[in-house]
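Values quoted throughout were computed directly from the atomic coordinates according to the rules given, and no laboratory measurement underlies them. Since this is a predicted model, take the numbers as computed values, not measurements. A quick note on method: Cβ atoms are made from the backbone with ideal geometry, for glycine too, and the neighbour counts reach across all protein chains shown.
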Amino acid sequence: MRASAEPGREGHAHEARAFVFDQCDFRRVCRMIHARAGIHLGAHKRDMVYSRLARLLRARGLERFSDYLDMVEADAGNEAQDFVNALTTNLTSFFREDHHFDALATQLHESRRDGRTLLLWCCAASTGEEPWSLAITACEAFGTLAPPVRILATDIDTGVLQVAAQGIYPLERIEAIDMQRKRRYFQRGSGPNAGQCRVRAELQALVEFRPLNLLDADYGLPIAAYSAVFCRNVMIYFDKPTQYHVLQRIAPLLAPEGRLYAGHSESFNHALDLVVPCGRTIYRATTPARRR
């Protein structure tokens, strides 16, 4: 996931006349997406909300946002999930904020002597570039395509998870990756698959994709287990109380040597009782839990 509403204006003047959307509707959307995904929408996001949700109204033959929101609130299944998916933006790339992958490589290299399987968690997998980058980093840190690493990749957006699990991308998505990595970790398509690439099967064996909402009271994950948790460019879309509640859930999941990797513009100074900085937007638990 990136569980985040994209800044900017996406509305168009001619679209604004297509559906009934007033300030009451916008405030209702804000309450609903905050309750379901933790996303805090400012007033400047009104055009974005209209543009994203108008597509769903059109597909369902509705004319009023109020009718659509009634439908979402009455449905705990697909309609509610489509609502969340529409209001999340998945901006990602391979090895984004590459200093974190350098730090992770060092961390994994130092753990080689332990002889145990290391668990990594990508909280906002989006279309998969980040968890595949984690897998490549692990392979390089251990010098093998079968490192003792398992990666959990989650997102609130079920649509992008389907893309991520396929591991298939247009070639331009890997343009910035150096040639050696391209050859080692990707297979180039041919014939009807020309212009595309697929991550190698060895990488796919390292990653498990599943939906997860960071607002859930219980993630169902083992305590003190994860050597690294990548929760990047997600918290910035939460208000401070929501950030704190999410950190309360994540901190106990960190192994004694575990590290929480945050986005470049995210700071957790309001939660120093839970996590403390130990690198460039890298944190450790204030009171590490004992490994079980």
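Quick look at the numbers
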| item | result |
| --- | --- |
| Residue (of T242, A255, L215) at the positive-pole extreme of the chain, dipole from beta-carbon charges | A255 |
| Relative packing of peptides 184-190, 203-209 - highest average C-beta neighbours within 10 Å first | 203-209, 184-190 |
| At 1.002 mPa s and 20 °C, Stokes D of the range 99-285 from Kirkwood alpha-carbon radius, µm² per second | 125 µm²/s |
| Cα extents of the range 91-189 along the three principal axes, largest first (Å) | 37, 32, 23 |
| Whole-number percent relative contact order across the range 99-285, with pairs defined as alpha carbons under 8 Å at least 6 apart | 20 percent |
| R116-D273 FRET efficiency (beta carbon distance; Förster radius 25 Å; 0.05 resolution) | 0.30 |
| Normalised contact order of the range 13-86, rounded percent, pairs of Cα under 8 Å and 6 or more residues apart | 37 percent |
| Highest to lowest packing among 170-176, 29-35, 51-57, scored as the average C-beta count within 10 Å | 51-57, 29-35, 170-176 |
| Unpartnered cysteines - no second Cys beta carbon under 4.7 Å - across the chain | C24, C30, C122, C139, C197, C278 |
| Over the chain: helical MRE at 222 nm, DSSP H runs n ≥ 4 each giving -39500 (n - 2.57), nearest 500 | -11000 deg cm²/dmol |
| Electrostatic dipole magnitude of the chain [Cβ: Lys, Arg +1; Asp, Glu -1; Cα centre; debye, to 20] | 640 debye |
| Potential lengthening between R210 and I223 on full extension [0.36 nm per residue; Cα-Cα distance subtracted] | 2.8 nm |
| Of the trypsin sites (Lys or Arg not before Pro) in the range 82-136, those whose Cβ has at most 15 other Cβ within 10 Å and which sit in DSSP loop | R116 |
| Hydrodynamic radius by Kirkwood, which averages 1/r over all alpha carbon pairs of the range 242-290, in angstrom | 10.6 Å |
| Helical segments meeting 24 Å axial Cα length and Kyte-Doolittle 1.6 threshold in the chain (DSSP H) | none |
| Kirkwood hydrodynamic radius (C-alpha pairs) into Stokes-Einstein, the range 13-86, 37 °C and 0.692 mPa s, D in µm²/s | 267 µm²/s |
